[in-house]
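Scroll down for the structure; my scribbles are underneath it.
What follows is calculated from the coordinates using simple rules that are stated; it is not laboratory data. This is a predicted model, so every value here is computed, not measured. For neighbour counting, all protein chains shown are included, and Cβ atoms are generated from backbone atoms with ideal geometry for every residue, glycine included.
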Amino acid sequence: MFGRVGFTAAGIEAIAAEAEVSTRTVYNHFAGKEELFAAVIEDSSTRVADVLADLTQRHLGPVADPHRLEAALLALATAWSRPRAEFADHFAVVRRMRAEAAHLPRGLLQAWDRSGPQRTQRELARQLRRLADLGVLEVEDAAPAADRFLLLTSGAVSERSHHGAAPLSAPARAALITAGVRASLHGYSRTAGC
């Protein structure tokens, strides 16, 4: 319901009808729509963040050689940016949140950011810091480096696909990801310019 009509238009009565429960049942579990929405977005963001953190560890964890870094980052960005049917409802809600951001209670945006985007960014920053400690990257502050990497790769794919609403072709997705990874490497790779 939140993904289809957004937070503002979704009423408790309609949500209860969709869930095939009474409004009283909804209110037995949640103080109101804001608390229900926070629970929904935190739960779905946590599940998405778990998958993205696992992808980050799987692709970057084994890297210790600067010459393997580009391939690992390409694989990570490709896996991270691919459409995920299992999370279609989550991303529909996120698209609605972006559209309604100016009208949403600030706490809802913060709850989403904490449980999803900040968590995945921290895991990526942790891996980039590890690579810097190994001498694979030249990164003074891994958090901004992680932000830039995500903006240049998955952010570019998200923007071009209107946050997943308009699917991109595989070649278009690959071109955006490759350009983003190479731009990141140009700024942080030990072998940049070699």
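For A170 and D113, FRET efficiency with R0 = 22 Å and r from the beta-carbon atoms, rounded to 0.05? Present the calculation step by step, with values, prior to reporting the outcome.
Numbers: r = 30 Å, r/R0 = 1.36.
That gives a FRET efficiency of 0.15.
Considering only alpha-carbon pairs that sit under 8 angstrom and 6 or more positions apart, the relative contact order computed for the chain is 26 percent. Whole-Hz Karplus values for the stretch 158-165 come out as 4, 4, 5, 8, 6, 6, x, 6 Hz, taken residue by residue from phi with 6.51 cos²θ - 1.76 cosθ + 1.60 and θ = phi - 60°; glycine and proline positions read x. You can think of it this way: the chain between V51 and L151 has 34.1 nm of extra reach, that is 0.36 nm per residue less the Cα-Cα gap. Evaluated with a Cβ-only charge set (Lys, Arg +1; Asp, Glu -1), the stretch 1-87 carries a dipole of roughly 200 debye about its Cα centre, given to the nearest 20.
Of interest is the spacing of the C-alpha centroids, which for the stretch 49-81 and the stretch 90-117 amounts to 26 Å. For the pair E140 and A85, what calculated FRET efficiency results from E = 1/(1 + (r/R0)^6), where r is the Cβ-Cβ distance and R0 = 41 Å, to the nearest 0.05? The computed FRET efficiency comes out at 0.60. Counting 0.36 nm for each residue step from T178 to A39 and taking away their Cα separation leaves a gain of 46.5 nm.
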